[in-house]
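Please read the structure below before turning to the comments.
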Amino acid sequence: MHSSATFLIEFGAIILGLGLLGRLAGRLQFSPIPLYLLAGLAFGEGGLLPLGASEEFVAIGAEIGVILLLLMLGLEYTASDLVSNLKTQYPAGLVDMALNALPGAALALLLGWGPVAAVVLAGVTWISSSGVIAKVLGDLGRLGNRETPVILSILVLEDLAMAVYLPIITALLAGVSLAAGSVTLAIALGVAGLVLFVAVRYGRVISRFVSSDDPEKLLLVVLGLTLLVAGLAQQLQVSAAVGAFLVGIALSGEVAEGAHNLLAPLRDLFAAVFFVFFGLHTDPESIPPVILPALALAVVTALTKIATGYWAAHRAGISPKGRWRAGGTLVARGEFSIVIAGLAVTAGIEPDLGPLATAYVLVLVVLGPLTARYTEPIALWLTARRTASADTPPAHGAVPAAKTLEPVDDGGVDR
């Protein structure tokens, strides 16, 4: 009885605290993710008030949080959207992967963490935060801007890449052989391809089967199906998160919209629990030794994300202003960086990886909304200063430089 009462007190305090932190973040108009991580640090190993009775339940809630995050992500897209983006925007996806995954992998190798940790940290630095970016676009009133489809296309490709990346990480962390890992990857690709094919051809049939006018029945069927598929995927070492993502893709139309509305509060609750759980397993004293590498990595990958967005928007014919806005918007990292790092922390491959990922995400989840707002004006100001400096007449007595032919600006759109 005593342990039950302790559990209720601890878990109730966690949920109440998360609610208050969420309200505070809302008033300050930034993502609550850093506050949730800090709460986990405060109540975890080496924190102010370590938890005991509720830790096992929090761990289960964290797993459900990851599953719901990926399910809701899948519900955002239809299979045809994913196929279309894959066909038309894959060069931007490849540039995104090269510019943003390589810095993380390089740092892990420089720190002597080994190839598995390098692959994990590559994923942490590669994937932008879809949740934070979607909120920033809405808050800044940019959902109708010309560069927004470019931003969303990159996010879609990153999310689709997770269906391949997560099974690879799962196999590497499990320490399976090359042959077994190849089989796992083949299964994951086969299942993902099959789900996309079935969703494109028979999406309406699946949605009709799941559909219900009763919100309670719809919630139970979708949630039960998701947990079942996630469990089967985990059993096959494909990753429970990928299984949930594929369930979301398979649902479409009114069913997807209804499920999204019903599951959104559950997603927010368990996702918050997940971030707390990650913080619980990070000792605050382990962060200061890795803060400088985390800051350096944050600066480098913020610049590479800006370069990615600029290049992708330029390729789509967007004006320079829109290119800078696209680049600045993509900087934020968040939920999926923590999901990837969480897999490695659970596997125990490198003690410093969790603290570094925590510090890295804390920096960029706060910096991301600022770069989204200010990258464009800062870039234009610097460009104007450079132009003004170039146009300044030479000092008295100086020999003017020879003139060169400049291309004529016809006022058309960027090509």
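The values are calculated or read from the model by the stated rules, or taken from the named source; none is laboratory data. Everything numeric here is computed off the predicted structure, so don't read it as measured data. Heads up, the Cβs are rebuilt from the backbone with ideal geometry, glycines too, and the neighbour counts pull from every protein chain shown. Note: areas computed on protein heavy atoms with side chains; ligands, DNA, RNA excluded. Shrake-Rupley method; radii C 1.70, N 1.55, O 1.52, S 1.80 Å.
Checked against the criterion of being closer than 28 Å to LEU111 by Cα and in a helix (DSSP H, G or I), the candidates LYS321, LYS305 yield just one match: LYS305. It is to be established whether one or more residues within the range 82-100 are touching a His at 6+ places or on another chain (Cβ under 7 Å) and either buried (at least 21 other Cβ atoms within 10 Å of the Cβ) or among the hydrophobic types (A, V, I, L, M, F, W, C) (or both). No, there is no match, as no residue in the range 82-100 is touching a His at 6+ places or on another chain (Cβ under 7 Å) and either buried (at least 21 other Cβ atoms within 10 Å of the Cβ) or among the hydrophobic types (A, V, I, L, M, F, W, C) (or both).
Candidates LEU266, LEU227, LEU223: the one that is farther than 25 Å from GLY193 by Cβ and modelled with pLDDT of 90 or more is LEU223. Checked against the criterion of being acidic (Asp, Glu), in contact with a helix residue (DSSP H, G or I) (Cβ under 9 Å, 6 or more places away or on another chain) and open to solvent by less than 40 Å² (accessible area, probe 1.4 Å), the range 332-339 contains one or more residues that satisfy it. Quick one: would you say GLU285 is within 29 Å of TYR90 (Cβ to Cβ) and more than 21 Å from the chain's Cα centre (by Cα)? Here the answer is no, as GLU285 does not meet what is asked. Going residue by residue through the range 140-162, is there one that turns out to be in contact (Cβ under 8 Å) with a residue 24 or more places away in the chain, surrounded by fewer than 18 Cβ atoms within 10 Å (Cβ to Cβ) and within 21 Å of THR346 (Cβ to Cβ)? Within the range 140-162, not a single residue is in contact (Cβ under 8 Å) with a residue 24 or more places away in the chain, surrounded by fewer than 18 Cβ atoms within 10 Å (Cβ to Cβ) and within 21 Å of THR346 (Cβ to Cβ).
For GLU56, the test of being open to solvent by 50 Å² or more (accessible area, probe 1.4 Å), under 17 Å from PHE270 (Cβ atoms) and at pLDDT 80 or above is failed.
Working carefully through the options LEU21, LEU8, LEU94, LEU99, find the one that is in contact with a Leu (Cβ under 7 Å, 6 or more places away or on another chain) and at pLDDT 80 or above. That would be LEU21, the only listed residue that is in contact with a Leu (Cβ under 7 Å, 6 or more places away or on another chain) and at pLDDT 80 or above.
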